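**Student:** So that we are looking at the same thing, I have put the structure below in structure tokens.
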Amino acid sequence: MTETAAHRSSPHPALYLVLYLPFGIASGYVTVTLAWLLSHAGASVVAIAGLAGMALLPNTWKVLWAPLVDTTLSAKAWFMIAVTGTAASLAGIAFLPLRTDLLPLFGWLVLASSVMATVTGMAVQRFMAIDTPDHEKGRAGGWSQAGNLGGVGLGGGAGLWLAQHSGHPWISGAVLAAACMISALPLLWLAEPGRVAAGRSYLGTLIETGRDVLTLVRTRIGLLACFIMLLPIGSGGLQQLWAAIAKDWGAGADEVALVGGLLSGLVSIPGCIAGGYLADRMDRKRAYSLFGVALSAVAVAMAFGPRTPMAFLVFACLYNFVVGFCYGAYSAVTLEAIGHGAAATKFNLISSISNVPILVVTLVDGWAETKFGATGMLLTEAGIGVAGVAVYGLVAVATRGMSRGALFRNRAAA
């Protein structure tokens, strides 16, 4: 690397919030704005959950293209390429007629926007890994996830409001595409972090990246970070389905726009920041587990709470607030584990793993709602989350005190 965190001044993490907005906007537009519009065009909850799954799918495989971001071009160049692709994909979705027979085409455009959005995140992760001191990993992670969830709120709430009140649904996609491009402005205040093993050949940098990733998974902290992300803890599956289940609480477009937009941002952004700061003050994986249990508790409360539009607003906001804590702790755990080298690849190795349970929980939520109704769906998600925390706790206790060598000797003996 050309520079290290020790020799560079750390930028204010609020810059990461802005840079992460396109990643969230792409998700929010699909799961709230598009979901609402298609549900009222006759699409089923299962079909909408499938589109949400298409939006999440690249996040489970993005580690495959993360080495390109680590080893080629600059972080700023990759961000500009990806944010342009994200904006173009969103505009394409917005101009499609709202017809159920076009669902396959919607799915492919959703997939394209999600792939491009993952690359914007990878570029930002390179900046964070190099410029953030170890004791501030949670702080940086919290602000970046505030941008992620804030972008979801912008893409969902603002997008739906524009689609509903402008009289032209395509306007929301055009405005959000412009917002994605504007989010690149903080690049003017960030120094380029450089590439992994700068100066080597492309093949040499890939080999160096591979060694860095292998080092990560051979440490207890890296292995536990990967393992906890594979579990359905703090997955926030309901966030993908607010628009689809709102009718069970008698909630309309305005309520959905609020919980997926303005109110979501107001509660999830401070939740992310607070979760990141708290994670810096305790064991970060323990913080992540505690926040996951709290999220399950909210789901249970919503399952047995009143079914009114106001109750929908209150419980959805509380759920989004706790999801913010989970996301802030998630980034803190990841940044702690990856160190500096091959930042995008290692971050997205863990991130790809973490998105598997999010995808699974979202699909299970859609299935449970169809099979058991909204109450069964909420209780199913809560039970899965608590079970995930319990499994992690058992593994963490079983491996406590083991060194890297002990871990692998025991594995070989088995």
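**Student:** Kindly list, by first and then second residue, each pair from a residue in the range 343-358 that is within 13 Å of Pro67 (Cα to Cα) to a residue that is among the small types (Gly, Ala, Ser) and buried (at least 22 other Cβ atoms within 10 Å of the Cβ), limited to pairs with Cβ atoms under 6 Å and residues at least 6 apart or on different chains.
**Tutor:** Ala343/Ala129; Ala344/Ala66; Thr345/Ala66; Asn348/Ala66
**Student:** What about Ala294, is it at pLDDT 95 or above and more than 25 Å from Ser27 (Cα to Cα)?
**Tutor:** So Ala294 fails the test.
**Student:** I've got another one for you. Return the residues of the range 351-379 that are under 17 Å from Ala316 (Cα atoms), surrounded by 21 or more Cβ atoms within 10 Å (Cβ to Cβ) and polar (S, T, N, Q); say none if nothing qualifies.
**Tutor:** Passing the criteria: only Thr362.
Condition check ((1) of a type in the set (S, T, N, Q); (2) within 16 Å of Met116 (Cα to Cα); (3) crowded, with 24+ Cβ neighbours inside 10 Å; (4) modelled with pLDDT under 85) across all residues:
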| residue | (1), (2), (3), (4) |
| --- | --- |
| Val46 | no, no, no, yes |
| Ala77 | no, yes, no, no |
| Ile81 | no, yes, no, no |
| Ala87 | no, yes, yes, no |
| Phe95 | no, no, no, no |
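**Student:** So, one more: If a residue must be assigned to a helix (DSSP H, G or I), over 18 Å from the mean Cα position of the chain (by Cα) and more than 17 Å from Gly376 (Cα to Cα), how many such residues does the range 288-317 contain?
**Tutor:** The number of residues fulfilling the criteria is 8.
**Student:** Here is a follow-up. Looking at Trp143, is it aromatic (Phe, Trp, Tyr) and closer than 21 Å to Cys272 by Cα?
**Tutor:** For Trp143, the condition - aromatic (Phe, Trp, Tyr) and closer than 21 Å to Cys272 by Cα - is met.
**Student:** Right, another one. From Val293, Val259, Val323, which residue is within 26 Å of Ala387 (Cα to Cα), surrounded by 24 or more Cβ atoms within 10 Å (Cβ to Cβ) and β-branched (Val, Ile, Thr)?
**Tutor:** Val323
**Student:** Evaluate the range 208-217: report whether one residue or more is touching a Phe, Trp or Tyr at 6+ places or on another chain (Cβ under 7 Å), in contact (Cβ under 8 Å) with a residue 24 or more places away in the chain and not hydroxyl-bearing (Ser, Thr, Tyr).
**Tutor:** No, there is no match, as no residue in the range 208-217 is touching a Phe, Trp or Tyr at 6+ places or on another chain (Cβ under 7 Å), in contact (Cβ under 8 Å) with a residue 24 or more places away in the chain and not hydroxyl-bearing (Ser, Thr, Tyr).
**Student:** A follow-up question, please. Is there any pair with a first residue in the range 274-287 that is surrounded by 21 or more Cβ atoms within 10 Å (Cβ to Cβ) and a second that is modelled with pLDDT of 90 or more and not in a helix (DSSP H, G or I) whose Cβ atoms are under 7 Å apart and which are 6 or more apart or on different chains, and what are they?
**Tutor:** So the pair list comes out empty.
**Student:** So in the range 158-174, with the set limited to residues that are surrounded by fewer than 18 Cβ atoms within 10 Å (Cβ to Cβ) and either under 22 Å from the mean Cα position of the chain (by Cα) or not aliphatic (A, V, I, L, M) (or both), which one is farthest from Gly24 (Cα to Cα)?
**Tutor:** Applying the filter and picking the extreme gives Gly167.
**Student:** Okay, moving on. Which of the numbered conditions does Phe106 fail, given that it passes all the others? Conditions: (1) under 24 Å from Asn320 (Cα atoms); (2) more than 17 Å from the chain's Cα centre (by Cα).
**Tutor:** In the conditions (1) under 24 Å from Asn320 (Cα atoms); (2) more than 17 Å from the chain's Cα centre (by Cα), Phe106 misses (1) alone.
**Student:** Count, please, the residues in the range 231-265 that happen to be among the hydrophobic types (A, V, I, L, M, F, W, C) and either outside any helix (DSSP H, G or I) or free of Cβ contacts under 8 Å to residues at least 12 places away in the same chain (or both).
**Tutor:** Residues flagged as among the hydrophobic types (A, V, I, L, M, F, W, C) and either outside any helix (DSSP H, G or I) or free of Cβ contacts under 8 Å to residues at least 12 places away in the same chain (or both) within the range 231-265 amount to 4.
**Student:** Kindly list the number of the only condition in (1) assigned to a helix (DSSP H, G or I); (2) touching a Ser or Thr at 6+ places or on another chain (Cβ under 7 Å); (3) over 21 Å from Thr362 (Cα atoms) that fails for Gly85.
**Tutor:** (2)
**Student:** Looking at the structure I just gave you, is Ser114 over 24 Å from Ser352 (Cα atoms) and either modelled with pLDDT of 80 or more or surrounded by fewer than 24 Cβ atoms within 10 Å (Cβ to Cβ) (or both)?
**Tutor:** Taking the combined requirement at face value, the residue does not satisfy it.
**Student:** Return the residues of the range 348-405 that are over 19 Å from Arg284 (Cα atoms) and among the β-branched types (Val, Ile, Thr); say none if nothing qualifies.
**Tutor:** Of everything in the range 348-405, those that are over 19 Å from Arg284 (Cα atoms) and among the β-branched types (Val, Ile, Thr) turn out to be Val356, Ile358, Val360, Val361, Thr362, Val364, Thr370, Thr375, Thr380, Ile384.
The values are calculated or read from the model by the stated rules, or taken from the named source; none is laboratory data. Note that the coordinates shown come from a computational prediction; the quantities given were computed from them, not determined experimentally. Because the Cβ atoms are built from the backbone with ideal geometry, glycine has one as well, and the counts that use them run over all protein chains shown.
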